[in-house]
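Take a look at the structure set out below.
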Amino acid sequence: MTNEELKIKLTELLPEAILEDGEWITANTTPAAFLPFMHQLRNDPSLLMDYLFCLTCIDFKTHLTMVYHLSSTSFRHNMVVKVKLDAAKPEVETVSHIWRTAEFHEREVYELFGVNFLHHPDLRLLILPDGWEGKNPLRKDFEDPINMIKL
Amino acid sequence: MYRETEVIQDLATAGEGDMVINVGPQHPATHGVLHLVITLNGETIKKVEPHLGYIHRSIEKMCESLSYRQFIYVTSRMDYLSAHINNHACAMCVEKGLQVEVPPRAQVIRVLMDELTRIASHELWWGAMAMDLGAFTPFFHAFRERESINDIMEETCGARLTMNYMVPGGVMHDLHPNFQQRVKDFLQLYKRKIHEYDELVTGNIIFQNRMKNIGVLKAEDAISYGCSGPTARGSGVSSDIRKLYPYEIYNKLEFDEVLETGCDSFARYMVRIREMQQSIRIVEQLIDNIPEGDFQAKTKAVLKLPKGEFYTRVETARGELGVYIVSEGGTTPYRIKFRSPGFSNLSVLDHIARGSKIGDLVAMMGTLDLVIPDIDR
């Protein structure tokens with residue numbers, strides 16, 4: 001599917017999503033519409049986005065943005081899904097039951113950004129050391145006077 | 001990392017007669033500081049739980065305060081066996097933002113270096129994996145070839161492991177005058193010795209018995225777990241970025257994407273063995289056809305990426321590496337994410353190990369080709 005065809009299809013699936021052009025089509029969605037939309041992307045016979053190749057989060061200070069890079073191994077089209085989250089209480093549904101790779105990636109985002117993934121099967125620290133308390137390292141307001149990262 | 005409270009939890013959830021054991025963080029077969037907590041029933045694996053973070057350097061955070069020229073050097077330390085390819089991915093991502101055209105000479109040099117790195121990486125994997133399974137001799141055979149690649153790298157790049165040779169716009173400096181001759185010598189050496197690999201290991205009946213039907217990974221699981229590289233191709237999943245989304249000059253080169261349908265450890269092993277030969281094919285096509293001209297495009301001293309997001313994908317020796325730069329228009333990246341192949345490939349270990357014997361775990365880990373600094377970043 002080309003980007004134009006993909007755009008038409010996505011507008012059909014979720015009319016309220018804001019689409020952005022670029023190398024890959026970016027669909028901006030809300031936490032409420034997010035999970036059914038992801039299910040459709042994975043299962044719709046003309047999309048079949050079965051390969052989640054990147055899952056990450058960006059801290060924009062006023063809000064957090066979850067970024068999902070999706071690809072289809074049968075049709076070879078790619079797209080990006082973004083969800084805007086509240087910085088004070090970031091919460092989003094897990095996608096680990098749709099794409100198993102999300103389980104590890106979400107655990108990473110959970111500890112580094114403090115995003116709470118609802119209904120995640122095993123949301124625990126993966127990288128951070130024993131007894132970690134306080135802020136999440138990849139947030140922009142994170143300061144560590146002992147182990148300075150900034151140069 | 002592992003929390004003390006989790007030891008008690010793991011023991012509490014373990015059933016009657018179950019045993020919880022630790023492999024690592026200091027274990028020779030994990031090739032780095034990987035920590036696996038394994039729940040066993042007798043000799044059968046019930047659960048494998050990786051605990052990471054022992055070598056986490058927070059490269060992503062570090063890069064946020066480094067300029068677009070500087071951050072590339074840090075990435076050599078991620079997957080240190082594919083240093084060239086990591087640098088290549090980052091340089092390509094910056095070039096995408098700057099919209100810089102890379103001169104043909106630089107493109108060919110980059111692909112040559114990438115493929116030599118791939119061979120060197122697979123050599124080390126082959127030697128180390130055979131050693132994990134108890135065969136010591138292959139390690140020396142593998143290092144004979146690997147050393148000659150490292151010598152070539154040392155002459156041109158000045159380093160044997162963390163090369164830092166690719167820069168935005170091309171490569172740092174021109175090839176060493178001896179480069180072509182030494183690569184040709186290496187090709188001759190390699191072709192003379194390659195049959196030893198099959199005679200020593202591949203055809204060995206003990207080895208085959210330990211690899212076949214061990215760690216079976218079905219194609220749909222490989223896709224769902226985000227596996228890439230030889231791990232996915234061993235399950236018949238076409239995932240070679242060089243073929244699917246060609247970059248540099250890969251679309252002009254003749255090589256095959258290696259696919260095996262065995263889905264087991266032996267299939268993954270065969271993918272890597274055959275991939276080395278494909279890399280040799282690429283090197284042979286290019287070594288006499290390096291175009292003359294500039295090795296670096298002209299770029300400004302201080303690089304500024306326009307506001308936006310840039311993503312590049314390359315094929316490292318372990319699979320798909322993604323570099324995702326979010327720029328706010330400044331001289332440093334606002335956020336950078338490395339989608340490392342090892343992280344996703346590791347997540348499948350629990351799935352393929354369940355129900356098999358503890359003695360086979362090392363064979364499974366060996367064929368996933370885990371590099372811990374790549375997983376921890």
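Readers should treat all values here as calculations from the given coordinates under stated rules, not as data from a laboratory. Remember, it's a predicted structure, so these values are computed and weren't measured experimentally. Counting neighbours? That spans all protein chains shown, and the Cβs are built from the backbone with ideal geometry, glycine included.
The shape of chain A comes out prolate: with a ≥ b ≥ c from the C-alpha gyration tensor, a/c is at least 1.5 and a/b beats b/c.
Treat every Asp and Glu Cβ in chain B as -1 and every Lys and Arg Cβ as +1, leave all other atoms uncharged, and give the resulting dipole magnitude about the Cα centre to the nearest 20 debye. All intermediate terms of the calculation are to be shown ahead of the outcome.
Values: 42 positive and 49 negative charges, 136 e Å.
Dipole size: approximately 660 debye.
Of the cross-linked pairs A:LYS9/A:LYS82; A:LYS84/A:LYS140; B:LYS243/B:LYS298; A:LYS61/A:LYS135, those separated by over 19 Å at the C-alpha level are B:LYS243/B:LYS298. The fraction of all Cα pairs in the protein assembly as shown landing in successive 20 Å bins from 0 to the largest distance is 22, 57, 21, 0, given as whole percents.
Normalised by the number of residues in chain B, the mean separation of alpha-carbon contacts (under 8 Å, six or more apart) gives a relative contact order of 25 percent.
Restricting attention to the range B:78-141, which GluC sites (Glu not before Pro) occupy a DSSP loop and are surrounded by at most 13 other Cβ atoms within 10 Å? List each step's numbers first, then the result.
On the way: sites: B:GLU95, B:GLU101, B:GLU115, B:GLU123; in loops: B:GLU101.
Loop-located and lightly packed - B:GLU101.
Pick out, from B:VAL271, B:GLN208, B:ALA297, the residue whose Cα sits farthest towards the positive end of the charge dipole of the protein assembly as shown, with +1 on the Cβ of Lys and Arg and -1 on the Cβ of Asp and Glu. Of the listed residues, the answer is B:ALA297.
Convert 25 °C to kelvin, take the viscosity as 0.890 mPa s, use the Kirkwood radius over C-alpha pairs of chain B as Rh, and evaluate the Stokes-Einstein diffusion coefficient in µm²/s, rounded to a whole number. Answer, rounded: 114 µm²/s. Here the dipole of the range A:9-81 is about 160 debye; that uses its Cα centre as origin and unit charges on the Cβ of Lys and Arg (positive) and Asp and Glu (negative). Subtracting the Cα-Cα distance of B:LEU253 and B:SER67 from their residue separation scaled by 0.36 nm leaves 63.6 nm. Approximating the spin labels as points 7 Å out from Cα along Cα→Cβ, the B:GLU284-to-B:LYS298 distance works out to 4.1 nm.
For chain A, the relative contact order works out to 18 percent when only alpha carbon pairs closer than 8 Å and six or more residues apart are counted.
If Rh is defined by the Kirkwood formula over all Cα pairs and Rg also comes from Cα, what ratio Rg/Rh do you get for the range A:39-124? It would help to have the intermediate numbers written out before the result.
On the way: Rg = 13.0 Å, Rh = 13.3 Å.
Answer for the range A:39-124: 0.98.
Here's the list of lysines a cross-link from B:LYS357 could span, going by alpha-carbon distance under 25 Å and ignoring same-chain residues fewer than 8 apart: B:LYS46, B:LYS47, B:LYS212, B:LYS218.
Where in the range A:5-108 are there GluC sites (Glu not before Pro) that are in a DSSP coil and have at most 14 other Cβ atoms within 10 angstrom of their Cβ? Qualifying residues, ordered by number: A:GLU16, A:GLU23.
DSSP loop trypsin sites (Lys or Arg not before Pro) in the range A:32-76 with at most 10 other Cβ atoms within 10 Å of their Cβ, which ones?
Values: sites: A:ARG42, A:LYS61, A:ARG76; in loops: A:LYS61, A:ARG76.
Loop-located and lightly packed - A:LYS61.
With a point put 7 Å past each Cα toward its Cβ, work out how far B:THR44 is from A:ASP141 in nm, to one decimal. About 5.1 nm separates the two model spin labels. When both the range B:278-321 and the range A:1-37 are represented by their alpha-carbon centers, they are found 31 Å apart.
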